[in-house]
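S.K.: Here you go, one structure.
The values are calculated or read from the model by the stated rules, or taken from the named source; none is laboratory data. Computed from a predicted structure; not experimentally measured. Every residue, glycine among them, receives a Cβ derived from its backbone with ideal geometry; neighbour counts consider all protein chains shown. Accessible surface areas use protein heavy atoms only, side chains included; no ligands, DNA or RNA. Shrake-Rupley method; radii C 1.70, N 1.55, O 1.52, S 1.80 Å.
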Amino acid sequence: MRMFHTRDTLKVNEKGHLEIGGADCSELAAQFGTPLYVFDEAYIRQMMRVYRDTIEEEYDGNGLVLYASKAFSCEAMYAVADSEGLGADVVSGGELYTAMQAGFPAKKIVMHGNNKLPYELSYALDCGVGTIVVDAAAEADFLDSIAGKREIVQDVLIRINPGVEAHTHAYVQTATPDSKFGFSVAGGAAEEIVRYVLQKKNLRLRGFHCHIGSQIFEKQSFVIAAQKVLAFVAEMKEKTGFEADTVNLGGGFGIWYAEGDPMIAPAGYREYLSALIAAVREGCAAYGLRLPRLMLEPGRSVVGEAGITLYTVGNIKNIPGIRKYLAVDGGMFDNPRYALYQSRYTAVLANRAGEEPEEIVAIAGKCCESGDLIGTEFHLPKAEQGDILAVLSTGAYNYSMASNYNRNFIPPAVLVKEGRAEYIVRPQTYEDLVRNDVIPARLK
Ligand code: LLP
């Protein structure tokens, strides 16, 4: 049985077509055109509920799951997260603005960033963002001063770096000693910033944040990080008298992309949270701490497997003895992850999904760049021009990392519910591409 048959969201229907959330992918391609991002709403909601319900049931609801919107940010995603009772993690003024446009409650937003700009911090205070995660002393100074001008006291967390080595691609490790993120516990920088922020009149320190990386499957990495954060809470209580009432353990849970990756059903992600909750409870008991409010920030695991990208197969180039390239109407401008991280993916011919794979092909994009590939090892039936190709698990960090490279259009996105698809991101037009272009008069 092909791997994708086991996913709830993906099926092969009686026509032999791939279906997502009950919608036939060939029909979606015909209706909306390609390339097209397609998201299954039921899967997204299922994932959100698993996280939310685990906190509810195993931690007395004393916490908040924040959807890490960098994984996929558009107004509809904030609307879905809000309707499921989640908060949101934003990392820029742009993500915050998108959330605000969607009517997302600002109090349930946590703002991150290793170099938040003055205009972003001011905008965050104007919106009434609930929590800001401090990642530099200068940021604490600026935030304190603008909060003072507004005569408010802003809740903040401090991002600490507990020095946990997580098993993942090096580019997405964020808590090793060499990191642009956070304050290192080991060198004493974390303690120093705690003392510093505690003196700020217009900042109310609530606790600590840590995020150890992304696409991580080892439960133990998360547990060790949680233990280290709790140890730091205890150490700060003892040294400064400050006892954190909030602990944010970030996101990072891995998803299935291709053969060899663990395939975890939505309910299976409960185990990660249960392990974290147990570590927090044990830490608190061991150090005599109050149970803190627990925040988590899953992004990839919420939307990654909920999304696929549909392309149309164009030119096919067979280089005997070397490889066969299928060129599609998308590429690194809608999915730069192979170019950036050599990420692996699984592809299916959506209009012939019942057929067995016959050959191994590379999938190339349409950009003027040799490295513009979706990957090089796809097992597919013999594809022909015009076939619809679905690349799976593209819901996270695809649209959100897309660009207009070569002045290609960033593809639109549709959300499928019970077989019906609607736009959540409309197609771009040629006018969009030149909207901000200006020809100075002297060049005319
Ligand atoms: N919280 C913080 C502070 C983060 O930095 C991240 C991800 C998350 C939460 C969400 O992590 P997730 O649950 O999605 O793993 N562009 C890369 C991924 C970068 C992740 C950055 N931070 C990729 O395409 O793999």
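S.K.: If a residue has to be under 14 Å from M77 (Cβ atoms) and in a loop (DSSP other than H, G, I, E, B) to count, how many in the stretch 92-113 make the cut?
M.R.: Residues flagged as under 14 Å from M77 (Cβ atoms) and in a loop (DSSP other than H, G, I, E, B) within the stretch 92-113 amount to 3.
S.K.: Also, quick follow-up: How many residues are within 9 Å of the ligand (Cβ to nearest atom), in a loop (DSSP other than H, G, I, E, B) and open to solvent by less than 30 Å² (accessible area, probe 1.4 Å) if we restrict to the stretch 208-232?
M.R.: At the first step, the residues of the stretch 208-232 found to be within 9 Å of the ligand (Cβ to nearest atom) are 209-211, 213-216.
Filter once more, keeping what is in a loop (DSSP other than H, G, I, E, B): 210-211, 214-215.
Within this subset, residues satisfying the condition of being open to solvent by less than 30 Å² (accessible area, probe 1.4 Å) are 210, 214.
Total satisfying the criteria: 2.
S.K.: Being touching a strand residue (DSSP E or B) at 6+ places or on another chain (Cβ under 8 Å) and more than 16 Å from S73 (Cβ to Cβ) is the filter; apply it to the stretch 286-300 and report the residue that is surrounded by the most Cβ atoms within 10 Å (Cβ to Cβ). Before you say what the answer is, go through the steps one by one.
M.R.: The initial filter retains those residues of the stretch 286-300 that are touching a strand residue (DSSP E or B) at 6+ places or on another chain (Cβ under 8 Å), namely 292-300.
Next, only the ones that are more than 16 Å from S73 (Cβ to Cβ) stay: 292-296.
Values: P292: 23, R293: 18, L294: 21, M295: 24, L296: 30.
So, considering only residues that are touching a strand residue (DSSP E or B) at 6+ places or on another chain (Cβ under 8 Å) and more than 16 Å from S73 (Cβ to Cβ), the one surrounded by the most Cβ atoms within 10 Å (Cβ to Cβ) is L296.
S.K.: Considering only the stretch 214-237, how many residues are farther than 21 Å from R293 by Cβ and either free of Cβ contacts under 8 Å to residues at least 24 places away in the same chain or among the basic types (K, R) (or both)? Please lay out each step first, then the result.
M.R.: Step one: list which residues in the stretch 214-237 are farther than 21 Å from R293 by Cβ, which gives 214-221, 224.
Adding the requirement that they be either free of Cβ contacts under 8 Å to residues at least 24 places away in the same chain or among the basic types (K, R) (or both) leaves 219-220.
Going through the stretch 214-237 one residue at a time, the tally reaches 2.
S.K.: Filter the stretch 52-91 down to the residues that are in a strand (DSSP E or B) and β-branched (V, I, T), then identify the one that is nearest to S274 (Cα to Cα).
M.R.: Only one residue tops the list, namely V65.
S.K.: Looking only at residues that are among the polar types (S, T, N, Q) and more than 13 Å from the chain's Cα centre (by Cα) in the stretch 55-106, which one is nearest to the ligand (Cβ to nearest atom)? Working first, answer last.
M.R.: Here is the first cut: in the stretch 55-106, the residues among the polar types (S, T, N, Q) are 62, 69, 73, 83, 92, 98, 101.
Pick out the ones that are also more than 13 Å from the chain's Cα centre (by Cα) and you get 62, 83, 92, 98, 101.
On the way: N62: 20, S83: 20, S92: 12, T98: 17, Q101: 22 Å.
So, considering only residues that are among the polar types (S, T, N, Q) and more than 13 Å from the chain's Cα centre (by Cα), the one nearest to the ligand (Cβ to nearest atom) is S92.
S.K.: A further question follows. If you go through the stretch 429-438 one residue at a time, how many are outside any helix (DSSP H, G or I) and open to solvent by 100 Å² or more (accessible area, probe 1.4 Å)?
M.R.: Here is the first cut: in the stretch 429-438, the ones outside any helix (DSSP H, G or I) are 429, 435-438.
Of the ones still in play, those that are also open to solvent by 100 Å² or more (accessible area, probe 1.4 Å) are 435-436, 438.
Total meeting the criteria: 3.
S.K.: Filtering the stretch 381-400 down to residues that are surrounded by fewer than 20 Cβ atoms within 10 Å (Cβ to Cβ) and in contact with a helix residue (DSSP H, G or I) (Cβ under 7 Å, 6 or more places away or on another chain), which residue is nearest to E359 (Cα to Cα)?
M.R.: Step one: filter the stretch 381-400 for residues surrounded by fewer than 20 Cβ atoms within 10 Å (Cβ to Cβ), giving 381-382, 384-386, 400.
The next check asks that each one be in contact with a helix residue (DSSP H, G or I) (Cβ under 7 Å, 6 or more places away or on another chain); those that pass are 381, 400.
Numbers: P381: 6, S400: 31 Å.
Residue satisfying both the conditions and the ranking: P381.
S.K.: Quick one: which residue in F181, F104 is in contact with a Ser or Thr (Cβ under 9 Å, 6 or more places away or on another chain) and closer than 15 Å to V90 by Cβ? Outline the logic, then answer.
M.R.: Details: F181 fails: closer than 15 Å to V90 by Cβ.
Of F181, F104, the one residue that is in contact with a Ser or Thr (Cβ under 9 Å, 6 or more places away or on another chain) and closer than 15 Å to V90 by Cβ is F104.
S.K.: Checking K180 against (1) assigned to a loop (DSSP other than H, G, I, E, B); (2) among the basic types (K, R); (3) more than 23 Å from the chain's Cα centre (by Cα), which test does it fail?
M.R.: (3)
S.K.: Is the stretch 123-137 home to any residue that is over 24 Å from M77 (Cα atoms) and surrounded by fewer than 20 Cβ atoms within 10 Å (Cβ to Cβ)? I'd like the intermediate steps shown before the answer.
M.R.: Residues of the stretch 123-137 over 24 Å from M77 (Cα atoms): 134-137.
Filter once more, so that each one left must be surrounded by fewer than 20 Cβ atoms within 10 Å (Cβ to Cβ): 136-137.
Yes, that holds for at least one residue.
S.K.: Can you name every residue in the stretch 329-341 that is in contact (Cβ under 8 Å) with a residue 40 or more places away in the chain and within 12 Å of the ligand (Cβ to nearest atom)?
M.R.: Start the filter on the stretch 329-341 by keeping residues that are in contact (Cβ under 8 Å) with a residue 40 or more places away in the chain, which leaves 329-337, 340-341.
Within the stretch 329-341, N335, P336, R337, L340, Y341 meet the criteria.
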